[in-house]
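Here is the structure we will look at, set down as structure tokens.
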Amino acid sequence: MKTLLTPITVLCAVLLVFACTNNEGDGSTNDGADASGNSNIRIIAGNSALGRPGSWSFNCIDTACARANNEGNYRLRTELTANQLISSTIPEPDGVITLYSRYRYDEDVASTLININPSTDAILNAWSWINQGQSIDSCASSSVCMTSLMNRFTPSVENTMVSRLEALMGSAWPAGRNPFSDVYIADATEDTLDLLHDTFQFVVTDTQFQVFDNLGALVTQINVANLISNTSLTDVAVTDDQYEAALAVDPTTSTNENPITISSSISPQQPGVTPVEITVDSSSSRTSSGGILTFEHDLTLANGSTYEFSGETVSTVIDSAGTHVWVVTVNDSNGYSRSQGYAIGVLAAETTVATYGSNGSCVTPENKLTKNTLNICEESRDGSALACDILNTSSVVLIQSPAPCSGNTQNDGQLIGVCTVAEVEMRIFYYENLQRQNNVETIDEKRDRLSAVCDLQFEGDWSESP
């Protein structure tokens, strides 16, 4: 199927929407058990990218799927009880591209950050050839193969293959970076791993792992089995000169034309207060191919719940605050397809119970954690803007993540407690910092100290869990 993205449409004030009230008290979380007490509900969030954002991509784990926003950030809420393969189908001018990543089940972890990008895909493709004797595309089509593949793709195997790929790519690879689980920004000016994906293309066969530049020239290659061996890669690693030469080549862009023109409108045009009825009208869309048009709509709510609709014009009521993603896909009977996405901002009503985390979070990155750094995570109230570091101290280093804060551990440190500050519509998760040596405080003493800080410094409400 041939696809083409139309220009992104974002509702006014979507990136700076604020809740109407500052309700006091603790809010409910978007992860963990659902209303029926199902403790297997999981929140999977991360970024889909090609070296550019996987805008409006379709991200699936088992039978559950969710659309990404225009930046490639996705959030998926589903029930999980086992390791799974994750796929991201990204609309492109000359078709669709499917990339893969992995989810590891942990009964104690309700929310997980998982990226899907060319490195995660290439590593899993190489592992599939090594372990299953077939490509990742073929393995993904068989539940037996997929289950075996994922159960054998242990954290030890992953760490080995990531470090081997880092050695192969030389200075082009950001030191110590894990493409699966570290925060990823689909912007080459901000993220050096995204720049690598903009600069090089990975090709994996049954015998070879190859690296090409954007002109299609082979830069280096190794036997695919060497991604799990201890064979020296010094002589085949990408050199600084090769990296500089590849950087000078602009990424290729497709010039394929698409006969479909989407003429779509959404109402209301301004962020509404819950509950709000949203209508998407694509009835004026047309195609020059002579084919018959059909319409598919995917709505992913801010909490990761997903809904599907069909028809030229669709209306539905959204009763939760946050930024939601609506993607309309127009297909014609001659095999063409085109998609257009909307980010929909919805404000919280005065009587709405505060919820948090649908905007993602601000986390302390592992590579920035020192003995003098606070190991914290911040979440904004759903329907408000996410702004990092309300503490405004030199001991805080935070980066924005599409995933909510963990209710268990961060950087291997146990959750101490949560301070909810209603005045600024934010809550702060405090975790132990294992890099602080000779720390004689017990966990209860840490809770008492931080509870006092929450009360006296922030006038917040303290709890031991979200």
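Numbers for the structure displayed
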item: Hits in the stretch 58-77 (condition: of a type in the set (Ser, Thr, Tyr) and touching a residue at least 40 places away in the same chain (Cβ under 8 Å)); result: Tyr74
item: Matching residues in the stretch 441-460 - criterion: being open to solvent by 60 Å² or more (accessible area, probe 1.4 Å) and not in a loop (DSSP other than H, G, I, E, B); result: Asp444, Glu445, Asp448, Arg449, Asp455, Leu456, Gln457
item: The stretch 237-254: number of residues that are in contact (Cβ under 8 Å) with a residue 24 or more places away in the chain, in a loop (DSSP other than H, G, I, E, B) and open to solvent by 50 Å² or more (accessible area, probe 1.4 Å); result: 5
item: Residues being open to solvent by 10 Å² or more (accessible area, probe 1.4 Å) and at pLDDT 95 or above - total across the stretch 83-98; result: 6
item: All positions within the stretch 347-366 that are outside any strand (DSSP E or B) and open to solvent by less than 30 Å² (accessible area, probe 1.4 Å); result: Ala348, Ala349, Ala354, Gly357, Ser358, Gly360, Thr364, Pro365
item: Which listed residue is touching a Cys at 6+ places or on another chain (Cβ under 8 Å), of a type outside the set (D, E, K, R) and either without any contact (Cβ under 8 Å) to a residue 60 or more places away in the chain or assigned to a helix (DSSP H, G or I) (or both), from Leu149, Leu99, Leu168; result: Leu149
item: Residues located in the stretch 171-212, provided they are aliphatic (A, V, I, L, M) and part of a helix (DSSP H, G or I); result: Ala172, Leu193, Leu195, Leu196
item: Search result, residues across the stretch 387-406 that are open to solvent by 30 Å² or more (accessible area, probe 1.4 Å) and either out of contact with any helix residue (DSSP H, G or I) (no Cβ under 6 Å at 6 or more places or on another chain) or at pLDDT 90 or above (or both); result: Ala387, Cys388, Asp389, Asn392, Thr393, Ser394, Ser395, Leu398, Ile399, Gln400
item: Residues (in a strand (DSSP E or B) and open to solvent by 30 Å² or more (accessible area, probe 1.4 Å)) located in the stretch 288-315; result: Leu293, Thr294, Glu296, Thr306, Tyr307, Glu308, Phe309, Ser310, Thr313, Ser315
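The values are calculated or read from the model by the stated rules, or taken from the named source; none is laboratory data. What you are looking at is a predicted structure, and each value in this text was computed from that prediction instead of being measured. Virtual Cβ from ideal backbone geometry, glycine too; neighbours counted across all protein chains shown. Protein only, heavy atoms only, side chains kept; ligands, DNA and RNA dropped before computing areas. Shrake-Rupley method; radii C 1.70, N 1.55, O 1.52, S 1.80 Å.
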